[in-house]
1. As an exercise: evaluate T191 against (1) closer than 25 Å to E15 by Cα; (2) modelled with pLDDT under 95; (3) of a type in the set (V, I, T) and give the number of the one condition it does not meet.
2. Within the group L140, L113, which residue is over 29 Å from L92 (Cα atoms), in the same structural domain as R97 (by TED's automatic domain parsing), surrounded by 15 or more Cβ atoms within 10 Å (Cβ to Cβ) and at pLDDT 95 or above?
3. Does E91 satisfy being touching a Pro at 6+ places or on another chain (Cβ under 9 Å), over 28 Å from S16 (Cα atoms) and modelled with pLDDT of 95 or more?
4. What residue, of V60, V12, V69, is touching a Leu at 6+ places or on another chain (Cβ under 6 Å), hydrophobic (A, V, I, L, M, F, W, C) and at pLDDT below 95?
5. Name every residue in the stretch 94-110 that is of a type in the set (D, E, K, R) and in contact with a helix residue (DSSP H, G or I) (Cβ under 9 Å, 6 or more places away or on another chain), in order of residue number.
6. Out of all the residues in the stretch 15-32, which are more than 18 Å from V78 (Cα to Cα) and exposed (fewer than 15 other Cβ atoms within 10 Å of the Cβ)?
7. So, S205, is that one free of Cβ contacts under 8 Å to residues at least 60 places away in the same chain and touching a strand residue (DSSP E or B) at 6+ places or on another chain (Cβ under 8 Å) or not?
8. Cβ contacts < 7 Å: first residue farther than 21 Å from A190 by Cβ, restricted to the stretch 90-113; second residue among the acidic types (D, E), any location; separation 6+ or different chain. Result?
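The values are calculated or read from the model by the stated rules, or taken from the named source; none is laboratory data. The shown structure was predicted, so the numbers you read here are calculated from the model rather than taken from an experiment. Don't worry about glycine lacking a Cβ; one is built from the backbone with ideal geometry, like all the others, and counts go over all protein chains shown.
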Amino acid sequence: MAATRIWLHEAVGNESGFTAWCLDLPGFATWAPTEREVIARVPAKLDEHRAWLARHGLPVPAAGHAVEVVERMRGDEVLFARDAEPCSIGELDRTVRLLAASREDLLATVRALPAAALDWDPPYRDFAGWASWRTVRAILAHVANTETGYYLPAIGYERRLAPAPPGGDWEDFLPAHRKETLRFLDGLRATADRARVSRGVEAWSVRKVLRRLVRHELLHWKSIRRIGREHARRRA
């Protein structure tokens, strides 16, 4: 079986560490403090991701446990060489299916939480001082706002919604912002430029936005599950 190909991003500044992306499997990434650690984490994390795809009836590509590093990048908001290539209609369709799966799991998790858990401020051991999304409700606003206020504008989206407030009704703002995301992605199908590469202080492209959209929601779904478990444990 062929090795799993990964693209390594060494972040600097506020989010130092290494993220291994598998660009053959959009939405999959894993982080660790060192390159050696992140490469060692890939096989098990990849198995988890493939199991998640299978649960949602999505295609599950074969992957070997050997790991091949295709490209290494260092910096903030980097663009891998493959990110600069135009995305296909199939990649857009696949992203929409992945977003449907991640949103299904996110909503199921949030709806199962007691009301008190939504605004509970967890006693984080380590939490970035620049991040304002500590509670579940604030995380949900962050997920919505990152889609329509950060990722999509980087590739041409003109914002039409007010930012979701951290204390707002997630049952209103989450579907509203996701509807805008899907509307914009659908519009990309007919555009002549499905690369939309920009290189400034941050580098962006359509392909990069697609993988980041899926990964971001999965990452915060994981953090909400962790908050829910801790909230239940402290009140047991």
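1. Only one criterion in (1) closer than 25 Å to E15 by Cα; (2) modelled with pLDDT under 95; (3) of a type in the set (V, I, T) is unmet by T191, namely (1).
2. Values: L140 fails: over 29 Å from L92 (Cα atoms).
One residue alone meets the criteria, L113.
3. Here the answer is yes, as E91 does meet what is asked.
4. It is V60.
5. Looking only at the stretch 94-110, we keep the residues that are of a type in the set (D, E, K, R), and these are 94, 97, 103-105.
Of everything in the stretch 94-110, those that are of a type in the set (D, E, K, R) and in contact with a helix residue (DSSP H, G or I) (Cβ under 9 Å, 6 or more places away or on another chain) turn out to be R94, R103, D105.
6. Of everything in the stretch 15-32, nothing turns out to be more than 18 Å from V78 (Cα to Cα) and exposed (fewer than 15 other Cβ atoms within 10 Å of the Cβ).
7. On the way: free of Cβ contacts under 8 Å to residues at least 60 places away in the same chain: no; touching a strand residue (DSSP E or B) at 6+ places or on another chain (Cβ under 8 Å): yes.
It is false that S205 is free of Cβ contacts under 8 Å to residues at least 60 places away in the same chain and touching a strand residue (DSSP E or B) at 6+ places or on another chain (Cβ under 8 Å).
8. S102/E217; R103/E217; L106/E217
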